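These notes are about the structure you will find just below.
The values are calculated or read from the model by the stated rules, or taken from the named source; none is laboratory data. Here the structure is a predicted model, which is why all the values come from computation and not from measurement. All Cβ positions, even for glycine, are placed from backbone atoms using ideal geometry, and neighbour counts span all protein chains on display.
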Amino acid sequence: TRIRADLDVRDQFPALGDWHYLDSAATAQKPQAVLDAIELAYGRDYATVHRGVYQRSSDMTLAFEDARFALARYIGASANEIVFTRGATEAINLVARQLPKEGRGRVLVSALEHHSNIVPWQLAGYQLDVVPLTTDGRIDLDAAEGMVSEEHRVVAFAHVSNVLGSILDARRAADIAHSKDALLLLDGCQSAPRLTVEVAEIGCDFYACSGHKLYGPTGIGALFGRHELLQSMPPWQGGGAMIDRVSFESSTFLDAPARFEAGTPHIVGAIGLHAAIDWVEGIGRAAIHNHETSLVAATREALRRTNSIRLLGPEDSAGIVSFEVEGVHPHDVGTILDDAGVAIRAGHHCAQPLMDVLGVPATCRASFAAHSTLNDVDALVDGLNRVQRIFGNG
Ligand code: PMP
């Protein structure tokens, strides 16, 4: 029986037309509702926030702070636990730099982490311990349980892998971290667009995400941190909007989250992100996740029928299929697919250590979103048949 994937929102994405965009894990295309919100915010409604005494500025301030509430609701947090950042990268850097180490100099990461969940810890002077993967490409939590110790300040895991699509049992990861009083940071870049996240229920201490992967604008993202943890962290950038009182002798600072948002913020980014969250909630994360799961299943089934494609990652990966075409460099695969109007990602996906673990220089990655269809999958499979014909290994 043919797999069904019935979500029908493609018409809402002006970028798509008949283009088979299978790189949503890198960045999501934007629905018209988000583009409209951005246009209004920069047009009819535009003014600064937090400072103006005139009506338009107070309205803009309300809209900006409303975006914080929306994101807080979206992940089950309170608004005073949401710091707006440039994205997940900046969010993780903020924690790595500003969280007091309290005598613990190590961070437990996994073998599948994105560079942005590796390098910030290194720059902040932490030693990394690396949890291995199971044979099907998940973070091995049994191993993590044996590895975590009192020396770990943070356990920092991807909630969903951007390469393999593996979904973490985040509840269990929290228990493992807390068993040694370490904190759990989830890199939520790939979970925010598709999984229902309740940070309190999971028990995670930090959660980082990027607006542009969530159908919103680039340049805006967020750090969730439990409020008392954010309060324990000193400010990192100084400037306007984060101070309580400034003199030439010394200055005092606002409470979190404002103390981490120096300068004029990305006002329109936050408003666009709010529109994106509303759009996703209008469809429902469960519906999006189910839809993508069907597309993943259809892709894996079709690629398994070929004899020279090796599928990577677990069967139930979230919206992502990574694979190798035997004897063909991923960049060649990507270029031939591009000629056929199919955009995939070919490379190390900012996870070079994972490539070493998988024993490949790079992978091909097809990633789905709410607008993806079985027609996209067919185009991918046709394109890959063409790759195999060209390289004579079909
Ligand atoms: N973590 C993961 C799992 C990602 O997929 C990405 C983006 N590829 C990042 C972190 C970094 O996100 P950004 O570049 O938006 O800060």
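For the reader, a short list of remarks on this structure follows.
- ALA63 satisfies every condition listed in (1) away from the ligand (no atom under 16 Å from the Cβ); (2) among the small types (Gly, Ala, Ser); (3) under 21 Å from the mean Cα position of the chain (by Cα); (4) part of a helix (DSSP H, G or I) except (3).
- Boolean, HIS274 is at pLDDT 95 or above and under 30 Å from ASN385 (Cα atoms): no
- Count of segment 124-144 residues, restricted to those that are under 17 Å from CYS350 (Cα atoms) and either aliphatic (A, V, I, L, M) or not assigned by TED's automatic domain parsing to the domain that holds GLY165 (or both), is 1.
- Residues that are in a helix (DSSP H, G or I), out of contact with any strand residue (DSSP E or B) (no Cβ under 6 Å at 6 or more places or on another chain) and under 18 Å from ALA26 (Cα atoms), drawn from segment 297-336: THR335
- Out of GLU301, GLU315, GLU324, one residue alone is more than 19 Å from the chain's Cα centre (by Cα) and within 14 Å of VAL160 (Cα to Cα). It is GLU315.
- Residues being away from the ligand (no atom under 16 Å from the Cβ) and either at positive phi or assigned to a loop (DSSP other than H, G, I, E, B) (or both) - total across segment 22-60: 13
- Residue ID - surrounded by the most Cβ atoms within 10 Å (Cβ to Cβ), chosen from residues in segment 206-251 that are farther than 28 Å from VAL154 by Cα and among the β-branched types (Val, Ile, Thr): ILE243
- Pairs meeting the criteria (first residue in segment 7-28 and without any contact (Cβ under 8 Å) to a residue 24 or more places away in the chain, second residue within 16 Å of the ligand (Cβ to nearest atom), beta carbons under 6 Å, at least 6 apart or on different chains) are ALA15/GLN29.
- Meets criteria (surrounded by 16 or more Cβ atoms within 10 Å (Cβ to Cβ), part of a strand (DSSP E or B) and within 16 Å of the ligand (Cβ to nearest atom)) for LEU186: yes
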